Amino acid sequence: MSEKPADIREQRIEKLKKMRESGVNPYPNRFERKDKIADVRAAFDADKPVNVVVAGRIKSKRVMGKASFGNVEDFSGSIQFYAARDLMGEEGYNLYKTHDLGDHVGIEGETFLTQKGEMSIKVKRLVLLSKCIQPLPVVKEKDGQVFDEFSDTELKYRRRYVDLIVNQKTRRDFLLRSRIVSSIRRFLETDGFLEVETPMMHSVVSGAAAKPFITHHNTLDLELYLRIAPELYLKRLIVGGFERVFEMNRNFRNEGIDTRHNPEFTMVEIYQAYADYKDMMDLTERLFTGLAEEYFESTEIPYQGQTINLRGPWRRVRFVDAIKEVTGLDFSLIKTASEAVVAAKSVGIETDESMGIWKIADEVLGERVEKTFQNPTFLIDYPKELSPLSKSFEDNPDYVERFELFIAGREIANAFTELNDPFDQKERFEGQSQMRDKGDDEAMMVDDDYITALEYGLPPTGGLGIGIDRLVMLFVDTASIKDTILFPLLRPEV
RNA sequence: GAGGCGCUAGCUCAGUCGGUAGAGCAACUGCCUUUUAAGCAGUGGGUCCGGGGUUCGAUCCCCCGGCGCCUCACCA
């Protein structure tokens, strides 16, 4: 017996060579899988053995000389197999013994129940379908308790495929994300909404307050921005006569990364003609409670050690009232920015006059008030200054028909009655533009074509945006947005 | 961007008051035909994140850098 190289990967490459030399293809092109493992389990009858053909990854191996147990796992589930020399022949069995954890195999055999009562497949034929050269982290489990969980956060994100192979919970969480996304589509389509796709590359940064990623188109020699929001395009579609539209896709914001922010994130934006922000509140409630009932069979869901009750109707509290309740400060009575600075300072928040009254109020809200909203809370009736795309109240031009939804202290949705007066919108854009000139690089640019669109007439419209990653955070009970994004942005490895 | 914490075998982690390291699982060899965190016996495996400094000697102490996590700031 020659010296075996120490490195596991080297060892396996060595095995590959030997296999090839003896005429075994470690990467065959095709295997006729006939049964999904979950189906085999569901149809299992200890008294009626059936022949099955399954395929999957070897997840465990317990060799006892001339016989062996192991588990194969496919996407649907996992099942034990029993491989014995007497049943497979000496050659087949010896070859099987060289297979490693992580190898993809095809298995044909008969179902049976072991003495300990475990559903199993008695292997007649076992073929290697794809060799696993990399050593897999070995995660074991007993009675629901997980041992040596693959838990290195960095590796989990960088090699998500490994995380998905070995960690059941990761797999479950992303499966749930897919289902939630699918449920949202179904919910909206059932309600008559049409899914559309609008540009990801914009020449004007607008529709939200955020710094963009900048890119360049060569042939047009054009500076372009990855979209920060699809908002203005979707409203153009309402102008065009699509009365109910939504887009569920990525936005890009060139800002910090933390447990709640990833530079690319998924939003669903929903626009409905002849609706207003109150209709959007109803829609939001219906959507969230529907999801909770579908996936938790309850409107109460556990989150980070507490219970969040999604049963509607949710609390609605006015922007200024919310601040007053928590801090005692009444910004509706404040007349100047310097007064506002003093007020903010009285609750320990440093601001400066150039921000204006309402940005200062928003600071106070963000610092002191938002985290008190654990159960779903609609924060309604925002000041106009903070909402350049929302429509003012007919009887109170200083406030707009808008809400933000907070759950678990975190903003999760934003909606308003859309501003459809082209003259008012133009003024607001110009205000934004001035702030931009003063150095606010998150202020919106003027979108002249959008103004033109409004001049053709945008019907009264309600619009709503929901952060999908954050919604999923709630449902998979995680504190980090990275656990809801398959490949979150990380610095490249060196 | 600032502060704190972390980085040791493929994975999960110990450890060295400064004398170049250990466990469990995985791997390799042998035994084992109903096991299931299989078992028993044996073996191999490490630029202790990188670079510099202090020191007779650094994985450990100091400095610089990298990556990650947490908190804060900005933002959804």
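Computed quantities for the displayed model
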{"read-out": "For a label point 7 Å along the Cα-to-beta-carbon line of residue A:172, residues of segment A:462-488 with backbone N under 14 Å", "value": "A:475-478"}
{"read-out": "Rounded to 10°, Cα long-axis angle of helix A:277-296 versus longest principal axis of chain A", "value": "20"}
{"read-out": "Spin-label model distance (nm) - residue A:90 vs residue A:220, 7 Å beyond Cα toward Cβ", "value": "7.2"}
{"read-out": "Spatial separation of Cα centroids for segment A:278-292 and segment A:189-232, in angstrom", "value": "26"}
{"read-out": "J(HN,Hα) series, segment A:331-343, from Karplus relation 6.51 cos²θ - 1.76 cosθ + 1.60, nearest Hz, glycine and proline x", "value": "5, 5, 8, 7, 10, 10, 5, 5, 4, 5, 4, 4, 4"}
{"read-out": "Sparse-neighbour loop sites [GluC sites (Glu not before Pro); segment A:74-133; at most 15 other C-beta within 10 Å; DSSP]", "value": "A:118"}
{"read-out": "Shape of segment A:5-136, Cα gyration tensor, a/c cut at 1.5", "value": "prolate"}
{"read-out": "Cα gyration tensor shape for segment A:118-172, rounded if a/c is under 1.5, else prolate or oblate", "value": "oblate"}
{"read-out": "Charged-residue dipole, Cβ positions (Lys, Arg, Asp, Glu), segment A:387-494 about Cα centre, Debye nearest 20", "value": "500"}
{"read-out": "Long-range amide H partners of residue A:399 with built H, under 5 Å", "value": "A:384, A:393"}
{"read-out": "Segment A:5-136 - percent relative contact order, Cα under 8 Å, separation 6 or more", "value": "27"}
{"read-out": "Cβ-derived FRET efficiency at R0 30 Å, residue A:187 paired with residue A:110, nearest 0.05", "value": "0.10"}
{"read-out": "Highest average packing first - A:315-323, A:382-390, Cβ atoms within 10 Å", "value": "A:382-390, A:315-323"}
{"read-out": "Local net charge near residue A:309, Cβ-Cβ under 14 Å (Lys/Arg +1, Asp/Glu -1)", "value": "-1"}
{"read-out": "Rounded, prolate or oblate (a/c below 1.5 giving rounded, otherwise prolate when a/b exceeds b/c) for segment A:323-407 by Cα gyration tensor", "value": "oblate"}
{"read-out": "Loop-resident sites, segment A:396-470, for trypsin sites (Lys or Arg not before Pro), counting at most 11 other Cβ within 10 Å (DSSP)", "value": "A:438"}
{"read-out": "For chain A, with +1 on Lys and Arg beta carbons and -1 on Asp and Glu, the positive-most of A:462, A:489, A:283 along the dipole", "value": "A:489"}
{"read-out": "Candidates per GluC sites (Glu not before Pro) in segment A:317-363, loop by DSSP, up to 13 other Cβ within 10 Å", "value": "A:350"}
{"read-out": "Residue-by-residue Karplus 3J(HN,Hα) for segment A:315-321, coefficients 6.51, -1.76, 1.60, Hz, glycine and proline x", "value": "4, 10, 9, 6, 3, 5, 5"}
{"read-out": "5 angstrom amide H check on residue A:81, placed H, neighbours 5+ away", "value": "A:70, A:71, A:72, A:121"}
{"read-out": "Segments A:76-89, A:56-69 sorted - mean Cβ within 10 Å per residue, highest first", "value": "A:76-89, A:56-69"}
{"read-out": "Mean separation of Cα contacts under 8 Å (6+ apart) over length of chain A, as relative contact order %", "value": "12"}
{"read-out": "Selection from A:135, A:107, A:70 lying farthest towards where the dipole of segment A:5-136 points positive, charges on Cβ", "value": "A:135"}
{"read-out": "Whole-Hz ³J(HN,Hα) from phi, Karplus 6.51 cos²θ - 1.76 cosθ + 1.60, for segment A:166-176, glycine and proline x", "value": "9, 9, 3, 5, 4, 4, 4, 4, 6, 5, 5"}
{"read-out": "Test item: Cα-centred dipole of chain A, Lys/Arg +1 and Asp/Glu -1 on Cβ, debye", "value": "3240"}
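We did not get these values from a lab; they are worked out from the coordinates using the rules stated. What you see is a predicted model, and the numbers here were worked out from it, not measured in a lab. Every residue, glycine among them, receives a Cβ derived from its backbone with ideal geometry; neighbour counts consider all protein chains shown.
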